[in-house]
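The values are calculated or read from the model by the stated rules, or taken from the named source; none is laboratory data. Computed from a prediction, not measured in an experiment: that's the story for all the values here. In this analysis, Cβ positions are derived from the backbone assuming ideal geometry, glycine residues included, and neighbour counts consider all displayed protein chains. Keep in mind that these areas ignore ligands, DNA and RNA; they rest on the heavy atoms of the full protein, side chains included. Shrake-Rupley method; radii C 1.70, N 1.55, O 1.52, S 1.80 Å.
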Amino acid sequence: MKETLHDYLRNAREAIVWKLDGLGEYDIRRPLTPTGTNLLGLVKHLTIVEAWYFGKSFDRPFPEELTWWDDDAEPNVEMWATADETRAEIVDRYRRACAHADATIEALDLSAVGNVPWWRKSSVTLHGMLVHVLAETCRHAGHADIIREQVDGAAGLRADNSNLPEQDAAWWQAYRAKVEEAAHAAV
């Protein structure tokens, strides 16, 4: 069970990073929702998720300082990249946080107990944490899917497998028109 959950988590992590491929600095940073959601910010946020939930929660702290989650940090500071933070820096830190998390996942049994003080029930097993982080990463991968499609129309699961029907642009345009027509007809 642990290997299955871990494999799905690894795939979701790669999907998040893949969504940045081929885009310029502005497009990976620009907010495309009213709440400021952006591609690079999602990667930065998930760094905290991996570092805290598989690190600090299991008394295996991530060795790098991540001030974004400090009590005195600006609200939502981990959800966007400043102009002086580079893509490479953020992605590399995310990969290091994931590697640190992988070491925790591999070292502990699914029944190992960690602690998340801000959760209603602060005690959590590694199994529960794997499910939680997998769900959160997949949720943000879905955000990244939509953001990336808004930026340049690219959609899909992975570079080698879109997991979408293989149709040309004309088909997709007609399909979208059909969906729009159905939405109007419903009101």
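The test for being open to solvent by 70 Å² or more (accessible area, probe 1.4 Å) and in a helix (DSSP H, G or I) holds for E181. Of all residues in segment 9-51, those satisfying the criterion of being more than 17 Å from A99 (Cβ to Cβ), in contact with a Leu (Cβ under 8 Å, 6 or more places away or on another chain) and touching a residue at least 60 places away in the same chain (Cβ under 8 Å) are A15, K19, L20, L23, D27, N38, L39.
When you look at L5, is it part of a loop (DSSP other than H, G, I, E, B), modelled with pLDDT of 95 or more and surrounded by fewer than 22 Cβ atoms within 10 Å (Cβ to Cβ), yes or no? No, not satisfied. Looking at D109, is it loosely packed, with under 12 Cβ neighbours inside 10 Å, among the acidic types (D, E) and either modelled with pLDDT of 95 or more or assigned to a helix (DSSP H, G or I) (or both)? So D109 fits the description; yes. A170 falls short on exactly one of the conditions (1) part of a helix (DSSP H, G or I); (2) surrounded by fewer than 10 Cβ atoms within 10 Å (Cβ to Cβ); (3) under 20 Å from the mean Cα position of the chain (by Cα), and that condition is (3).
Among the candidates R96, R87, the residue that is surrounded by 12 or more Cβ atoms within 10 Å (Cβ to Cβ), within 26 Å of T125 (Cα to Cα) and in contact (Cβ under 8 Å) with a residue 24 or more places away in the chain is uniquely R96.
You will find that of E65, E50, E78, the residue that is outside any loop (DSSP other than H, G, I, E, B) and over 19 Å from L134 (Cβ atoms) is E78 and no other.
For segment 1-37, the set of residues classified as under 14 Å from the mean Cα position of the chain (by Cα) and not aliphatic (A, V, I, L, M) consists of Y8, R10, N11, R13, E14, W18, K19, T37, listed by residue number.
Within segment 112-133, can you find the residues that are open to solvent by 30 Å² or more (accessible area, probe 1.4 Å) and either among the hydrophobic types (A, V, I, L, M, F, W, C) or not in a helix (DSSP H, G or I) (or both)? Result: V113, N115, P117, W118, W119, R120, K121, S122, S123, T125, V131.
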